[in-house]
Amino acid sequence: METKTIEGIQELKYTAKDFSSNIDVKWCPGCGDYSILAQVQRTSPDFGEKLENIVWVSGIGCSSRFPYYMSTYGFHGIHGRAAALATGVKLANPKLQVWVATGDGDMLSIGGNHFIHACRKNIDIKILLFNNRIYGLTKGQYSPTSEKGKVTKTTPYGSVDFPFNPLRLAAGSGATFVARSMDRDPKHLQEMISRAAKHKGTAFIEVLQNCPIFNDGAYFQLTEKDTKPDNTITLEHDKPLVFGTNKDKGIKLDGLTPVVFNINEGSNSINDCWVHDEFDENPTREFLLSRFTDMPGLPTPLGILRQHLKPTYDADYHEQVQKVKVEKGHGTYDKLMFAASTWEVK
Amino acid sequence: MAKTVQVVEDVTVRFAGDSGDGMQLTGSQFTDTTAIVGNDLSTLPDFPAEIRAPAGSLAGVSGFQLHFSSSDIQTPGDSPDILVAMNPAALKVNLKDMKPNATIIVNTNAFDSKNLKLAKYDSNPLEDGSLSGYQVIPVELAKLTSMALDGLSLSPKEKDKCKNFFALGLMYWMFNRPIEITLNWLETKFKKKPEIMEANQRALKAGFYYGESTEIFTTRYDVKPAKLPSGIYRNVMGNEATALGFVAASVKSGLQLFLGSYPITPASEILQELSKYKDHGVVTFQAEDEISGIVSAIGASFSGSLALTTTSGPGLSLKTEAIGLAVMTELPLVVVDVQRGGPSTGLPTKTEQADLFQAFYGRHGEAPVCVVAAKSPADCFIMSLEASRLALKYMTPVILLTDGYLAFGSEPLNIPKFEDLPDVKAELRTDPEEFHPYLRNENLVRPWAVPGTPGLEHRIGGLEKKDVYGGISYEPENHEIMINYRKAKIEKIVNDIPDIVVEGDQSGELLLLSWGSTYGAIREGIRGAARLGYKSSHAHLNYLNPFPKNLKEVLSNFKKVLVPELNLGQLATIIRSTYLLEVLQYNKVQGQPFKVAEIEKKIIDVLGGNNGN
Ligand code: SF4
């Protein structure tokens, strides 16, 4: 950490190293979590927050070891309860910047209720969901994001469950910042984390994360050089939806159905493409984008599906407290106890 | 016409009617006036289990009982002397509880064939002689009220709604109480609805003058003021007092109060009440479920708030894992359990003391917590402060047990002076020098270092901690060391709580040992038995884990120890296993509090040579 003095104000300038707790990181070799940790530590200096004002909260699972590796305040909670824990931390002290590191089992299975309600309330917390589509810490059972038919230790004949679509769930529950990135795309992941840090309200990033031990290659189609261009699309604000190795595949809307077309064919042009509006007031396209992964033939969107501003629970709550304090005056013990009718015994 | 005034020491009145008849309001007005004229009192409402039972039905009867006296009393009274019954269903439901020869004031207008049928009466009890053992005073409450409101432009339905104030006025006359307090209350309450205010005021006055001028009332009763300790008093219900106690703890400690809670009968009023105190900066988080209620409170505690969660039995079960987290992370947290009849959904609106084992043992692993209990509605105030004090000082979860009977019962609270409140305070660590998250002080308490404090950044969690340093540790010896520390820390609290006090002889034949809401009935029962020549002493536990230091000695000073409880003997079992002492049990699990008479009888039984088993 360097200390610079600009115009008489002392300014802290952190480096990525300042955010490392310097304890041994104990994820399996090759685990995608290493990359997520590195990208968080690299971007943390730019959050504009003092180290002591940042809190990392987690539940249980491989991902949830995350807070131990950060040098900020941290709370490793119990299974599924990270969102509730983070809500308490933030609501008790809204000046803190509160982050949640969680996994698909932790947040979408046992913690599903807390997740949807945090999104609904738009409490100002940032949630990084490490989605490896498997239970890693308990050694390889299927998770609520595992694809139907998946063979795991608890589904030896293939699972018969339909998986959750995390982005659809987050958007549907009211999260005001909904994004997707990948452990194997460090630059993109850094950008998403930085943007989430600046967002006010519930920010949700699904990070597609490889678990080389129990679900290796779950996302190779999306992450590897030769297949990535045709299977993913990077969303950028105000840019047309174009993807493919030759950048010739466009996406347009036929009514409410997204259709892939060749932008160079016939009378087609790039101008026919759906233009991404990150700040769309209307959530319809956000839902459509979130459903791409459920629709065969469509690429997996990476980037911010939508972000919008609405009052946050914590800000509104404390504003109400201030208002009442102004209206009624600061509470005192006497005011508290003598509000009801009293009588004196001599 | 000459009316006699008869001085009596204590009276128990019950108002009963349809849930729409305003009986709770009538009762609480009578209570306020009674408190202000200086009687000691204790009240208990009886709500119907269904929210909107059909009008006039047995299931829809709502009651309010008030016991008031010129001496010190502790219970709302076993059986009423006077019943005000607004309809046949109210009469039917309540008659079995009345004293022989009790006075019953009935609203005869409601005794029509429809209401009699709804109350499942085959014949009119006012006419068939079935009430011959009582003093029945028939009053045409509805008709007289409507006459009194003649000329007001209210609908007949609105006028009919005022009849509870007529009944109240009549009771004020009967017990020689002023009507001004209620008149003033109506004035403020209905400031914006002058017609309604006027109607209720008129009904109240009409009821009062009706008593004065009719011949059916020949006697008035006078209950002289009680000799209570000097001070300024207010009436409180248990849940209200609990809420006030935590706000007071917040003021005293200077910490923000944070409540994470999920509505549950009979604890919801604490959440409702605390939601009002935004002027005190209280943060109430109505969580999505019980687990979030406690976990958000743990998060708030980590952030430096005085953190609280409130619930009842089923909710305590759901919070159990999280209490373990608070034990492991050694964060201050108060968990209030307003006990109700269990297990499962059980009897949500009824009282019981069957969560003591859960409070003591209901967690996996070795996870001791501090357990305290309130003994009366007003005591909920003090015990909330005490629970806060201990949680903060010892960085531990504290479970405060109250119950449904305390939650809705009321009694006067002698408002303590601010400087006399328990010393609720927190030491927030700010000095980074030699800071380690699990470095313990002389009480084995770790420092409280909250986010936002520079230089104290650290990580905690549910995994076992390395002694002193707080990092994750799987070392076998370390685990045992930490388990022993957590246990020893709770045991150290014994030096910080008062000794148990024996009321009555300090040694002798029989001691009654109690905890929680049975205090009042047991105290009065002991007095009653003593009047009949059966002497026993009383010791009451407000602090359950740890027990007061002198408890064993106190118990050994008596030949017999009787433990009355509203469960199957949970305290008795813990006492036996802790002290290897044999104790006698007296148990009742009917969702009802002990009656004074039951305790009295039990004492006589035990002292008469029968151990009561
Ligand atoms: S089990 Fe999988 S997710 Fe967990 S640490 Fe190992 S590689 Fe990573």
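Just a few scattered comments:
- Rel. contact order, % - alpha carbon contacts under 8 angstrom, at least six apart, chain A: 13 percent
- For B:K276, the lysines whose Cα falls under 20 Å of its own Cα, not counting residues fewer than eight places away in the same chain, are A:K323, A:K325, A:K328, A:K335, B:K189, B:K252.
- Projected label distance in nm at B:Q506 and B:F357, using a 7 Å step from Cα toward the beta-carbon: 3.7 nm
- Summarising the strand pairing of chain A, around 40 percent of its internal DSSP beta bridges are antiparallel.
- Solvent-accessible heavy-atom area per residue, rounded to whole Å², over region B:4-222 at 1.4 Å: 43 Å²
- Computed label-point distance, nm, for sites B:L580 and A:K17 using a 7 Å Cα→Cβ extension: 6.2 nm
- Between helix B:238-253 and chain B: long-axis angle, C-alpha atoms, 0 to 90°, nearest 10: 40 degrees
- Heavy-atom accessible surface of region B:502-607: percent carbon and sulfur, 1.4 Å: 49 percent
- The alpha-carbon of B:K535 sits under 17 angstrom from the alpha-carbons of these lysines, leaving out residues fewer than 8 places away in its chain: B:K559, B:K560, B:K601, B:K602.
- Distance between modelled label sites at A:Q141 and B:D128, nm, 7 Å Cα→Cβ extension: 6.2 nm
- Local electrostatic count at B:Q339 - Lys and Arg +1, Asp and Glu -1, tallied over other residues with Cβ under 12 Å: -3
- Helix B:379-394 and the long axis of chain B differ in direction by around 10°, with both axes built from C-alpha atoms.
- Portion, in percent, of the accessible area of chain A that falls on carbon or sulfur, probe 1.4 Å: 51 percent
- Efficiency of FRET from Cβ geometry, A:A339 and A:D272, R₀ 41 Å, rounded to 0.05: 0.05
- For the pair B:I472 and B:D605, the difference between a 0.36 nm per residue extended length and the Cα-Cα distance amounts to 42.1 nm.
- On Cα atoms only, tilt of B:519-531 relative to the major axis of chain B in degrees: 60 degrees
- Partners of A:K95 within straight-line reach, counting aspartates and glutamates whose Cα lies under 15 Å from its Cα and excluding those fewer than 8 residues away in the same chain: A:E49, A:E52, A:D124, A:D314, A:D316, A:E319.
- Contour minus Cα-Cα distance for A:L256 and A:V326 (0.36 nm per residue): 20.2 nm
- For the residue pairs A:K13/A:K187; B:K3/B:K595; B:K425/B:K492; B:K96/B:K595; A:K50/B:K425; B:K393/B:K487, the alpha carbons lie more than 23 Å apart in B:K3/B:K595; A:K50/B:K425.
- When both bridge partners sit in chain B, DSSP labels roughly 35% of those beta bridges antiparallel.
- Amide H partners (placed H, <5 Å) of B:E509, local residues excluded: B:K559
- Exposed GluC sites (Glu not before Pro) absent - longest run of chain A, DSSP non-H/G/I/E/B, at most 10 other C-beta within 10 Å: A:8-264
- With the highest mean first, a sort of the peptides B:512-520, B:307-315 on other beta-carbon atoms found within 10 angstrom per residue produces B:307-315, B:512-520.
- Amide N proximity, region B:1-29 versus B:K99 label position 7 Å along Cα-to-Cβ, cut-off under 13 Å: B:7-14
- Given in Å, the Rg to one decimal and the Dmax to the nearest whole number for the Cα atoms of the protein assembly as shown are 33.2, 112.
- Solvent-accessible area lost on pairing B with A (1.4 Å probe, both sides summed) amounts to about 5000 Å².
- 3J(HN,Hα) couplings calculated from phi for region A:122-132 with the Karplus curve 6.51 cos²θ - 1.76 cosθ + 1.60 (θ = phi - 60°) are, in sequence order, 6, 6, 7, 10, 10, 10, 9, 9, 7, 9, 10 Hz; Gly and Pro show x.
- Averaged over B:284-292, number of beta-carbon atoms from partner chains that fall within 10 Å: 6
- Accessible-area composition of region B:4-222, carbon plus sulfur, in percent [1.4 Å probe]: 53 percent
- Counting, for every residue in A:327-334, the Cβ atoms of other protein chains within 10 Å of its Cβ and taking the mean gives 5.
- Its Kirkwood hydrodynamic radius, worked out from the mean inverse distance over all distinct Cα pairs, puts chain B at 26.1 Å.
- Along its principal axes, region B:233-420 has C-alpha extents of 44, 37, 27 angstrom, given from the largest down.
- Other protein chain C-beta atoms within 10 Å of residue C-beta, averaged over A:21-28: 1.
- Listed peptides A:79-87, B:292-300, B:598-606, A:103-111 by packing density, highest first (mean Cβ within 10 Å): B:292-300, A:79-87, A:103-111, B:598-606
- Peptides B:13-19, B:526-532, B:563-569 ranked from most to least packed, by the mean per-residue count of other Cβ atoms within 10 Å: B:13-19, B:563-569, B:526-532.
- Drop in accessible area of at least 20 Å² in the complex versus isolated chain, residues of region B:387-434, 1.4 Å probe: B:I415, B:F418
- Anisotropy class of region B:4-222 from Cα gyration tensor, a/c 1.5 cut: rounded
- Charge sum, other residues only, whose C-beta stays under 13 Å from B:K549's C-beta, Lys/Arg counted +1 and Asp/Glu -1: -2
- Hypothetical label at B:V7: residues of region B:70-84 whose amide nitrogen lies under 15 Å (7 Å Cα-Cβ projection): B:70-71
- Over all other residues within a Cβ to Cβ distance under 11 Å of B:S230, the charged ones net out to +1, with Lys and Arg as +1 and Asp and Glu as -1.
- Under 5 Å between amide hydrogens, built in the peptide plane, is the criterion, and for A:I127 it picks out A:V100, A:A203, A:F204, A:I205 among residues at least 5 positions away or on other chains.
The values are calculated or read from the model by the stated rules, or taken from the named source; none is laboratory data. Not measured: the values here are computed from a predicted model. Note that each Cβ is placed from the backbone with ideal geometry, even for glycine, and that neighbours are counted across all protein chains shown. Accessible surface is based on the protein model in full, side chains and every heavy atom, while ligands, DNA and RNA are left aside. Shrake-Rupley method; radii C 1.70, N 1.55, O 1.52, S 1.80 Å.
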